[in-house]
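Read the structure below first, then the notes.
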Amino acid sequence: MTFKIISDSSCDLDKLTLEKLSVDVLKIKSTDENGEDLPEEITNKEIYREMREGKFFKTSQITYYEYLKKFEELASEGLDIICMTLSSGLSGTFQNAYMAKKEVEEKYNVKIEVYDSLAASVGFGQITYFAGLAAKNGASFEEISRLIEFLIANTKHVFTVFDLKYLYEGGRVSRAKARISNVLNILPILEVDKEGKLYVSDVVRGKNKSYKRMVEIISEKSTSDGSDRIFPVYADDREILNPLIDRLKDKGYEKFLCLEIGHVIAAHVGPDICGLGYLTENIPEEFKKYLD
């Protein structure tokens, strides 16, 4: 392979999967309430536990310098680069990567494509996974570029959270709505818009109705026949996905790659999350041979 794929840690793919796909990941830094960097060895589950104990965490975007350093490292080896970033609707990471691309292209004779995923967590993981798998199975730089463009245009997210305090702290819901939700068991259905920004698309009462509504939304927005993978997401309780996956199986979905949400996104939505990333259309046949 004469090129390298770069993603970032908000894609929420586990370390083993990323290694198998040979995808390099730049890490989005997290800090505690006092602004102290979290230890490198801290696990997602440890962070979830601390969040449930009442602690909050913050994240900071990957800097222009970090992208410049990584791009120069690869370019000096003669490698072309495909870089995907967390949604520009949630972070300034894309702009930093794009500035670094322009500088490195002026110094080295390499191709660099930087893509704004317009996605986060499982949606971004979905894009990263398929791009990495295609590269591993022999797709060219140009083929992967076209695949990524398709994936960005057709990736959707839908999820709910069972505790709104993190959305309240992040300014995404009011204090009154957070309190009413806790008292009446009213849950938000959240999606990501065309600009890569998070929004509340609906509200329902109770977990069972949240599962039902999420599957309805997928049926309304997707023409997929279920043969492509779908990417459910959870935090520290894998079993919370079972009712959702059962409903999806009834709709004909066959392949699932469940992801544990990382602390980058969990810092903003909390550890009580259930949802998934999906495609609005089946992946085109020209790419299927690389994705088995």
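The values are calculated or read from the model by the stated rules, or taken from the named source; none is laboratory data. Keep in mind the model is a prediction, meaning the values are calculated, not measured. Because the Cβ atoms are built from the backbone with ideal geometry, glycine has one as well, and the counts that use them run over all protein chains shown. These area figures cover heavy atoms from the full protein model, side chains too; ligands, DNA and RNA do not enter into them. Shrake-Rupley method; radii C 1.70, N 1.55, O 1.52, S 1.80 Å.
Taking Phe159 as meeting all but one of (1) surrounded by fewer than 24 Cβ atoms within 10 Å (Cβ to Cβ); (2) not in a loop (DSSP other than H, G, I, E, B), write down the number of the exception.
(1)
So which residues in the stretch 43-64 are in contact (Cβ under 8 Å) with a residue 24 or more places away in the chain and not polar (S, T, N, Q)?
Residues of the stretch 43-64 in contact (Cβ under 8 Å) with a residue 24 or more places away in the chain: 44-45, 47-49, 51-52, 56-64.
Selection gives Lys45, Ile47, Tyr48, Arg49, Met51, Arg52, Phe56, Phe57, Lys58, Ile62, Tyr64.
Which of the following residues is aliphatic (A, V, I, L, M), open to solvent by 40 Å² or more (accessible area, probe 1.4 Å), touching a residue at least 12 places away in the same chain (Cβ under 8 Å) and not assigned by the TED database to the domain that holds Leu257: Leu133, Leu147, Leu90, Leu79? Before the answer, list the steps.
On the way: Leu133 fails: open to solvent by 40 Å² or more (accessible area, probe 1.4 Å); Leu147 fails: open to solvent by 40 Å² or more (accessible area, probe 1.4 Å); Leu79 fails: open to solvent by 40 Å² or more (accessible area, probe 1.4 Å).
Residue meeting the stated conditions: Leu90.
Do we find a residue being surrounded by 20 or more Cβ atoms within 10 Å (Cβ to Cβ) and more than 17 Å from Asn96 (Cα to Cα) anywhere in the stretch 34-41?
First pass over the stretch 34-41, keeping only residues surrounded by 20 or more Cβ atoms within 10 Å (Cβ to Cβ): none.
Taking every residue of the stretch 34-41 in turn, none turns out to be surrounded by 20 or more Cβ atoms within 10 Å (Cβ to Cβ) and more than 17 Å from Asn96 (Cα to Cα).
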